[in-house]
1. Checking the conditions here, which among A:V282, A:V355, A:V292, A:V315 is buried (at least 22 other Cβ atoms within 10 Å of the Cβ) and either closer than 29 Å to B:I90 by Cα or among the basic types (K, R) (or both)?
2. Kindly evaluate C:S58 against the criterion of being within 14 Å of chain A (Cβ to nearest Cβ) and of a type in the set (S, T, N, Q).
3. Please find, among A:M121, A:M89, the residue that is buried (at least 24 other Cβ atoms within 10 Å of the Cβ), away from chain C (no Cβ under 14 Å) and of a type in the set (A, V, I, L, M).
4. Among the residues that make up region C:154-175, is at least one of them surrounded by 14 or more Cβ atoms within 10 Å (Cβ to Cβ), within 14 Å of chain A (Cβ to nearest Cβ), under 11 Å from the mean Cα position of the chain (by Cα) and under 20 Å from B:M64 (Cα atoms)?
5. Does region A:441-478 hold any residues that are part of a loop (DSSP other than H, G, I, E, B) and either closer than 30 Å to A:L49 by Cβ or at pLDDT below 95 (or both), and which are they?
6. Mind listing just one residue for me: the one in region A:196-219 that is among the small types (G, A, S) and surrounded by 24 or more Cβ atoms within 10 Å (Cβ to Cβ) and, of those, nearest to the other protein chains (Cβ to nearest Cβ)?
7. With respect to the numbered conditions (1) under 26 Å from the mean Cα position of the chain (by Cα); (2) within 9 Å of another protein chain (Cβ to nearest Cβ); (3) of a type outside the set (S, T, N, Q); (4) buried (at least 21 other Cβ atoms within 10 Å of the Cβ), which one is the sole condition not fulfilled by C:I41?
8. Looking at this structure, is C:W23 over 20 Å from C:T142 (Cα atoms) and either in contact with a helix residue (DSSP H, G or I) (Cβ under 7 Å, 6 or more places away or on another chain) or not hydrophobic (A, V, I, L, M, F, W, C) (or both)?
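The values are calculated or read from the model by the stated rules, or taken from the named source; none is laboratory data. What you see is a predicted model, and the numbers here were worked out from it, not measured in a lab. Cβ sites come from the backbone with ideal geometry, for glycine too, and all protein chains shown count toward neighbours.
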Amino acid sequence: MSDSHHEESFWRKYIFSTDHKTIGIQYGITALLFLFFGFSLMMVMRWQLAFPDQAVPVIGGLIQWLAELNGFASIGNLPSDLYNVFGAMHGTIMIFLGVVPLVVGAFGNYVVPLQIGAPDMAFPKLNMTSYWVYFIGGVIMLVSFFLPGGAANSGWTSYPPLSVIATTGQTFWLLGMVFLITSSLLGSINIIVTIIQLRAPGLTWMRLPFFVWAQFVTSFLLVLAFPPLEAAGFFQLMDRVFDTSFFLPSGLVVGGEALDVSGGGSPLLWQHLFWFLAHPEVYVLILPGMGVIAEIIANNTRKPIWGYKSLVYSVVFLGFMSFIVWAHHMFMTGMGQGMSIFFQTTTMIISVPSVIILSCFMLSLWGGSIRFNTPMLFALGWIPMFGIGGLTGLPLGLSTLDIHLHDTYYVIGHFHYVVAPGTIFAIFAGIYYWFPKMTGKMLDETLGKIHFFFSFIFMNGIFWPMLIQGMAGVSRRLADGGESYAHAQGTLHLNEFMSYSAWLLAIAQIPFIINLIRTLLRKKAAEPDPNPWRATTIEWTDTTSPPMGHGNFEKVPTVYRGPYEYSVPGDSSDFTPQTSKLIKDR
Amino acid sequence: MSVKDMTHHIANYRKIFVFLLIGTALTVTASYMEFNVQNSIAGAVFVGLTIAAIKGYLVAANFMHLNSEKKIIHWILLLTVFFLSLLLFIPLLWDLNLMSHY
Amino acid sequence: MEIPYNVQVREDTGLYNSKLGIWLFLASEVMLFGGLFSAYILLRTGAPVWPPIGEHGSIMHILKETIPHATFNTVVLIASSVTMVMAWVSLKMKDLRKFRIYLGTTLLCALVFLIVKYFEYSHKIHEGFVPSHDTYMALYFTLTGLHGLHIIGGMIVLGYFFGPGIKMWNNEPERFTNRIEIVGLYWHFVDLVWIFLFPILYLLN
């Protein structure tokens, strides 16, 4: 029952589409490209850390060209000025151009309407606008690499006063962020309205797949936490372009000269507004991933997820708490004891729902008929990796320990454990899982297993030693990797090891890329199996692979059951779709 | 909505308009008054913001029909106002905490 | 398949889609202006003197001169809120002519507001009170500037509904009425922000 009153032009169908599936794929491809680019930046940085001031092999000429374009001297090595650019942009690109657009823009857009039985998102044109605004933000960020002075170089955290006196790239960063934040806001409003308003008949709140709950909470975080950063962005733009002093304190001296500004501003103001977003932002990074893991574990243990209610309450509580912990990023700014105790306490409290969620996932494995396919391997690998990420966060949340660990490689190790073998594993799991729904073709299992196995090893090779270096006191954001510091000497040798792990991790992605290309080029079966994983949720049970255009479903599905009815006693099959009538009513 | 309901609404809007004008006049007058409290500015701030809050409530409740709006909207706004208070007051408490003798 | 609840309400929430959407958007706007106001609070409490004294002295006496203008602007904006809701009421009563009058008046009020603002800005700038002069001026221009941008944005949408967008009334009057309700909510919010900005920036010094 599709409206075929006009054939859509190429532009309307593939470029300016308002169909959530097309937009989801657009987000997915763009975000994966940005992820690859951000990863490449890091690989060059790791060369400098392992072999300081030596010319980068293969692409040394390119690095030299870029450095000189930015006004830095280079013999093919990565000079420290450019190292700072790469560092700031690696973080910015991975978070705002890579992970979030992927987990929210791609997975959220593609899967949520299907999982709730909706024909599309609530506001399709707004959805299209969100994507293109993200695209523009990305272009602005990329273009900034070619400016004199290079792209932003004051860390992804852009602390003033440094960021205010930094080169032009920082202004582009701020402008890019305004676009990215706008895109995020429009997209998350769309998701919230879609989930609240467009659930199919019978799909009550406590029958939602956990993936949908995770997206719902994530979108609330984005709607309420991003705007203060947008405000801060405007303030920093004013400071940079109109010489105001929102963030510049009185009496600031730069290069021996007093800065000719009014003063009276507060660098801490930026930190408050920035972290007010940036803490919830890290939950934005992980929550959709947790949703993916839940779907895959239920599906591949052939039993319901353990503790569905606990999961839902935990994720809602987690979302709420995420707004009240931000100053644990600011323990070293000279806050009073009262503040310190408050934020330390809330930070300890917020670890509880995370542990509950992780425990529910682990308990779900008990007694399951586990299928060790590629999505499940990534999900199983995610569990201990996120566990390490979470556990290493605890010392950072205690203000006394943070005195020693703040701004060291321990922090970098902690958060990379959560986002790299954390979120990125969840992303891979989701890609392997939903690829057959999007294309009608399964990715190759052997290549998938190779991809998983080596990614798992090398992720640990990169990030575990960071925890060791951090505990030895090696600071982050040092272009020489700690070489000039006496206390770092004992752990310097780890730099080379981590760099090799990084480059080997890159090589480990090759089976994945080959898999994607080969499978995409392969001819689809005449009538692809719409439910190869034999899953219970609506996207698998009530529509084709790929889902039919303009509406997804032949008719509006009706939901009779919860999302994870696997191995229901009395049923002939080991999975019972959500839209399957109760046995007594059949 | 019937014509009768609408006429009632229109009368209400006119009433609220008058209240808002009065509120505006009050705010301006109050700003010129000296307050017999220790910290005159604090008094002025309190009065000014209270009147603004009342005016804001009148606009939200009547023009934006927030009074008769559905529960889910109320919950969303309650959540927002809670986080807004955090944003407004924690940095302030922070500074005040610093100004003490720790 | 059509997207449901675009016009008719969903039973369990009692809302149509764009009503929920605009309130979520307004929630994010509350947080945006909240961030701006929190900056005001932090910078003011940290300042020994408010407004601060800069190169050209203090803005105080010029500020006092502009209180009548700002008061006038406050009244104008409140009036525009009334005409905005009356525009929606006119559509509910199926009176397209009245709708255009009220919507036109709303647009006119907005224009007057911006013109007065323009004169205020140029007077201050002419006297040397630019954003870089001191933190009060920085806050003044940034907060009223962003508010002004929101007015301009609103005017563009209202202008669209006054002009080419009005055609929807012929085919889908209920959907058009909803759209006016939605843009009205946005407009009232912009008025609401000014209701707080006015005393904070002009009166509490």
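1. Residue meeting the stated conditions: A:V315.
2. Yes.
3. After applying the criteria, what remains is A:M89.
4. no
5. Once the filter is applied, which keeps residues that are part of a loop (DSSP other than H, G, I, E, B) and either closer than 30 Å to A:L49 by Cβ or at pLDDT below 95 (or both), region A:441-478 yields A:A472, A:G473, A:V474, A:R476, A:R477, A:L478.
6. That would be A:S219.
7. (4)
8. Yes, satisfied.
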